[in-house]
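*Asks:* Questions regarding the structure given below will be posed in turn.
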């Protein structure tokens, strides 16, 4: 935590420092208008929010006026009449056409299109390229970060698990830091929402999803500039898993609650009228719940990144002595909030997933016990 | 919304599903299960230890209660024993007193009896002596009296006159 915090401060400093320098450089040479800078910042933010095919740490323009990118290329994997694997360095950051096995590909706004040898793109009226898009299974920056996070989680919690075996019941080392959080997820998320009886089978998913989201959120705050959890494909995949788990582990009571919510409380002719409205709503609810999950995480993380980057972008807008400190102060404050949001969003996602699992696994006789237990609690 | 759909990356979605499920399975096997089991075991151990401590405490309380009960009983027993002893003592004293009284009475009675006997003997003795003395005196008087003839006659007369013929 402290390390991340420290690196965050350093990152803000570095950003301000480098941006002040580049601002000084840029000003006399091309004398861009404020509108131009704003557009550039917008484009930059949008680029940051998107996934990319190479791991770009930072870019700058050298003395010769060339753009230099510092980072490393990632493998591109395409399915286009056969598997095509090549390094993303072939695109030269979208500046050149990549030729693989006689096919030509071009990178346009982080997407790969199939083109002719010259790399021409044709556009429709909405300015979207009409070229064919091969199925892109590349190890992109986000995939790369997911792998890193996965390895980190495996190492952290694997070592925690081994430390139990080695030192008995008291964990040692870095893993110890996470034990209370594991217990919190178990006691206050899983048991509280699913119940003592059935929480166990959901624990691996809840713990994995919690730490996966949290760690990726935290990586998003580092100067690596990754935005994995702010990517709708990632949150969709997570939400679909929640959806599948909820409905495949659903008990008879869960389905009864959807298709016959009133139970024996009303004769059939009364129910028929109400159910015309009620049952479709309940069925819709099955889909809306995970959909809300995916949108919430995506929107929160994206918004955080947009706000942070916009605040850093203020420097370029103001271009004066006031810009630096102001931008620094604001982005520092927002960063602190974002650290909280990173944890909070992971918590909310896990919490709601547990809540849905709780609905799915509820059984009526337990229901009453649960109510009583809750009454006793409050 | 259109932008969102446009931005949706099938590749990333694919990788996320694959990687996440893989991560889930690996973590479940190598991390979550051992961690949760270890934690459960530990909690179970703590619970058992607490229960054992509670049991020991109860046992201890029982023992204390028992010993207290024993002490109380012993004290009560001592009380009764003391009381009994006191009663026995009192009774013994009373008995002894009564016995002494009786013995004394008996001795006094015996003494009185013997005194009575002695007295009777003495009186009888005195009576005998008085009779002898009286006979002697009478003899002597008679001798004196019967020295002359007249007197003798007179006495015979008296005696004869006293005799009443039936």
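*Asks:* Report the extension gain between residue A:268 and residue A:100 in nm, rounded to one decimal, defined as 0.36 nm multiplied by the number of residues separating them, less their alpha carbon distance. Please report the intermediate quantities before stating the final value.
*Replies:* Numbers: separation 168, 0.36 × 168 = 60.48 nm, distance 6.58 nm.
The residue A:268-residue A:100 span can extend by a further 53.9 nm.
*Asks:* What distance in nm lies between label points placed 7 Å from Cα along the C-beta direction at residue B:162 and residue B:14?
*Replies:* 18.5
*Asks:* Using the count of nearby Cβ atoms within 10 Å as a rough guide to exposure, how do A:291, A:86 rank from fewest to most?
*Replies:* Numbers: A:291 14, A:86 18.
Starting with the residue having the fewest Cβ neighbours, the order is A:291, A:86.
*Asks:* Give the calculated FRET efficiency between residue A:337 and residue A:260 to the nearest 0.05, with a Förster radius of 56 Å applied to their Cβ-Cβ distance.
*Replies:* Working from the Cβ atoms, E equals 0.80.
*Asks:* Continuing with this model, one more query. If a/c stays under 1.5 just call it rounded; otherwise compare a/b with b/c (prolate if a/b is bigger, oblate if not). Do that for the protein assembly as shown, with a ≥ b ≥ c from the square roots of the Cα gyration tensor eigenvalues.
*Replies:* Values: a/c = 6.18, a/b = 4.23, b/c = 1.46.
Prolate shape, in that a/c is at least 1.5 and a/b is the bigger ratio.
*Asks:* To the nearest 500 deg cm²/dmol, what mean residue ellipticity at 222 nm is calculated for chain B from DSSP H runs of n ≥ 4 alone, each contributing -39,500 (n - 2.57), summed and divided by the residues?
*Replies:* Helix contribution divided over all residues of chain B: -33500 deg cm²/dmol.
*Asks:* Continuing with the same structure: Could you tell me the center-to-center distance, by alpha carbons, between the range A:191-228 and the range B:23-43 in angstrom?
*Replies:* Using only Cα atoms to place each centre, the spacing works out to 15 Å.
*Asks:* While we're looking at this one, here's another question. Does the range A:143-377 classify as rounded, prolate or oblate by the C-alpha gyration tensor (a ≥ b ≥ c root eigenvalues; a/c under 1.5 gives rounded; else a/b over b/c gives prolate, otherwise oblate)? Please report the intermediate quantities before stating the final value.
*Replies:* Numbers: a/c = 2.60, a/b = 1.48, b/c = 1.75.
Note, shape of the range A:143-377 comes out oblate.
*Asks:* Run the quick spin-label model on residue A:59 and residue A:224: label points 7 Å from Cα toward the beta carbon, then report their separation in nm to one decimal.
*Replies:* Going from the residue A:59 label point to the residue A:224 one covers 2.1 nm.
*Asks:* Let me ask another. Highest first, please rank the peptides B:157-164, A:348-355, A:274-281 by the mean number of other Cβ atoms sitting within 10 Å of their residues. Please report the intermediate quantities before stating the final value.
*Replies:* On the way: B:157-164: 8.1, A:348-355: 21.9, A:274-281: 12.6.
Descending mean neighbour count gives A:348-355, A:274-281, B:157-164.
*Asks:* Something else about it: Once each part is reduced to its C-alpha centroid, what is the distance from the range A:293-338 to the range A:91-122 in angstrom?
*Replies:* The distance from the Cα centre of the range A:293-338 to that of the range A:91-122 comes to 33 Å.
*Asks:* While we're looking at this one, here's another question. Rounded to the nearest 0.05, what FRET efficiency is calculated for residue B:56 and residue A:114 with R0 set to 60 Å and r the Cβ-Cβ distance? Walk me through the intermediate numbers first.
*Replies:* Working: r = 78 Å, r/R0 = 1.30.
Computed FRET efficiency for residue B:56 and residue A:114: 0.15.
*Asks:* Could you tell me which of rounded, prolate or oblate describes the range B:2-162, using a ≥ b ≥ c as the square roots of the eigenvalues of the alpha-carbon gyration tensor, with rounded for a/c under 1.5 and, failing that, prolate when a/b is larger than b/c and oblate otherwise? Display every interim value, and only then the final one.
*Replies:* Details: a/c = 19.69, a/b = 12.20, b/c = 1.61.
The shape class here is prolate.
*Asks:* Could you work out the mean count of beta carbons from other protein chains within 10 Å of each residue's beta carbon in B:18-30? Walk me through the intermediate numbers first.
*Replies:* Numbers: counts 4, 8, 10, 4, 2, 11, 8, 2, 7, 13, 5, 3, 6.
The mean count of partner-chain Cβ atoms within 10 Å per residue comes to 6.
*Asks:* Give me A:309, A:146, B:81 ranked fewest to most by other Cβ atoms within 10 Å of their Cβ, as a rough exposure proxy.
*Replies:* Values: A:309 20, A:146 27, B:81 10.
Ordered from fewest to most neighbouring Cβ atoms within 10 Å, A:309, A:146, B:81 come out as B:81, A:309, A:146.
*Asks:* May I pose another question? What is the distance, in nm, between label points placed 7 Å from the Cα along the Cα-to-Cβ direction at residue B:48 and at residue A:152?
*Replies:* The answer from the label model is 3.8 nm.
*Asks:* Could I ask something else about it? Ignore the peptide's own chain and count Cβ atoms of other chains within 10 Å of each Cβ in B:136-146; give me the average, rounded. Present the calculation step by step, with values, prior to reporting the outcome.
*Replies:* Working: counts 0, 0, 0, 0, 0, 0, 0, 0, 0, 0, 0.
The per-residue average across the peptide is 0.
*Asks:* Quick one: length gained pulling residue B:80 to residue B:63 fully straight, 0.36 nm per residue minus the C-alpha distance? Walk me through the intermediate numbers first.
*Replies:* Details: separation 17, 0.36 × 17 = 6.12 nm, distance 2.51 nm.
Taking residue B:80 through residue B:63 to full extension adds about 3.6 nm, to one decimal.
*Asks:* Give me B:114, A:335 ranked fewest to most by other Cβ atoms within 10 Å of their Cβ, as a rough exposure proxy.
*Replies:* On the way: B:114 10, A:335 18.
So the ranking, lowest neighbour count to highest, is B:114, A:335.
*Asks:* Assuming R0 = 22 Å, what is the FRET efficiency of residue A:197 and residue B:37, from their Cβ-Cβ distance, to the nearest 0.05?
*Replies:* Details: r = 18 Å, r/R0 = 0.80.
After rounding to 0.05, the efficiency reads 0.80.
No value in this document is a laboratory result; all are computed from the given coordinates. Remember, predicted model here, so these are calculated numbers, not experimental data. Glycine also receives a Cβ, built like all others from the backbone with ideal geometry; neighbour counts cover every protein chain displayed.
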